[in-house]
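Okay, here's the structure, questions in a sec.
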Amino acid sequence: MPAWAKARFALLAGLLGTALLLSQAGPGAAQTSDLVSKNAFRVCADPANYPMSTREETGYENKLADLIASKLELPVQYEWYPMATGFVRNTLKAAKCDVIMGYAQGHELVLNTNHYMTSVFTLVVPADGDLSAVDTLSDEALKGKRIGIIAGSPPADHMARNGLLGKARPYNLVVDRRYENPVEQLLNDVAEGETDAAILWGPLAGPLVKEGYPGLKVVPLVKETLPPRLFFRITMGVRQGEKVWERRLNSLIRRHQDEINAVLIDAGVPLVNDMGTEVLSADQ
């Protein structure tokens, strides 16, 4: 969840871990910050990326945008563009919008705010099936099972290590979700018995299963200790150099973290601690 390279998927799967050092905002930063609208909270978003964002504003990132905009006392204004190649270049860098709501920490195309959530990849299984007690990918019960996975996502390495790729079913990573929805197909296949389980980014799996798959169970993979890591810290992305805007959003995140968590938990997003080792309860 958080997605995960491509766009959101790649934002989550690639995750180039290069943290940008904070510095004092000089004249150059001030000039860049002038690009930020004073009249609206301008959000760059995918119009067909449910449960995260939709043109109808039904995703939880839409709700987060509403929350942040309310604290800024500004209306939300969207620049819609598919989460695919050219997303950042044609939206944020083109100054058509000022923030991307869900961006993996450390990605080089944007300046990251402080993270507002940490989530993890999950195992999705039938709630009353023989895999319902599985919580690690090394569990012998998974051997020989048909497991769906988004091609190229980090759990593939864990599956290979545990001998689970032989019968794995891959689903496309980079798609325009206005026309193709591999995430829903992956979950449909588990629900219909075409596959035995699925591995999916938690911020996608949790909300979708909560809303439409009552027979499925989402298990956060917090017990995996070997690389690559399966948890990621999710930030808001702003234009490079916009330190004033970044600090303003950091302040809002810090002061309203409980409200942000409430939106995410209500949506069904599995939240974990910053080290990805423990699932957080609703009151944490």
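The values are calculated or read from the model by the stated rules, or taken from the named source; none is laboratory data. Remember, it's a predicted structure, so these values are computed and weren't measured experimentally. Methodologically, a virtual Cβ is constructed for each residue, glycine included, from the backbone with ideal geometry; neighbour enumeration extends over all protein chains shown. Remember, those area values only see protein heavy atoms, side chains included, never the ligands or the DNA or RNA. Shrake-Rupley method; radii C 1.70, N 1.55, O 1.52, S 1.80 Å.
In segment 175-226, what residues are more than 12 Å from Gly268 (Cβ to Cβ) and of a type in the set (Phe, Trp, Tyr)?
The answer is Tyr179, Trp201.
Which number in (1) of a type in the set (Ser, Thr, Tyr); (2) open to solvent by 50 Å² or more (accessible area, probe 1.4 Å); (3) closer than 30 Å to Glu278 by Cβ marks the one condition that Tyr60 misses?
All conditions pass for Tyr60, except number (2).
Also: Looking only at segment 229-240, decide whether some residue is touching an Asp or Glu at 6+ places or on another chain (Cβ under 8 Å) and either in a helix (DSSP H, G or I) or at pLDDT below 95 (or both).
No, segment 229-240 has no match at all.
Would you mind telling me which numbered condition in (1) modelled with pLDDT under 50; (2) assigned to a loop (DSSP other than H, G, I, E, B); (3) within 29 Å of Val272 (Cβ to Cβ); (4) open to solvent by 10 Å² or more (accessible area, probe 1.4 Å) Ala84 fails?
Among (1) modelled with pLDDT under 50; (2) assigned to a loop (DSSP other than H, G, I, E, B); (3) within 29 Å of Val272 (Cβ to Cβ); (4) open to solvent by 10 Å² or more (accessible area, probe 1.4 Å), Ala84 violates only (1).
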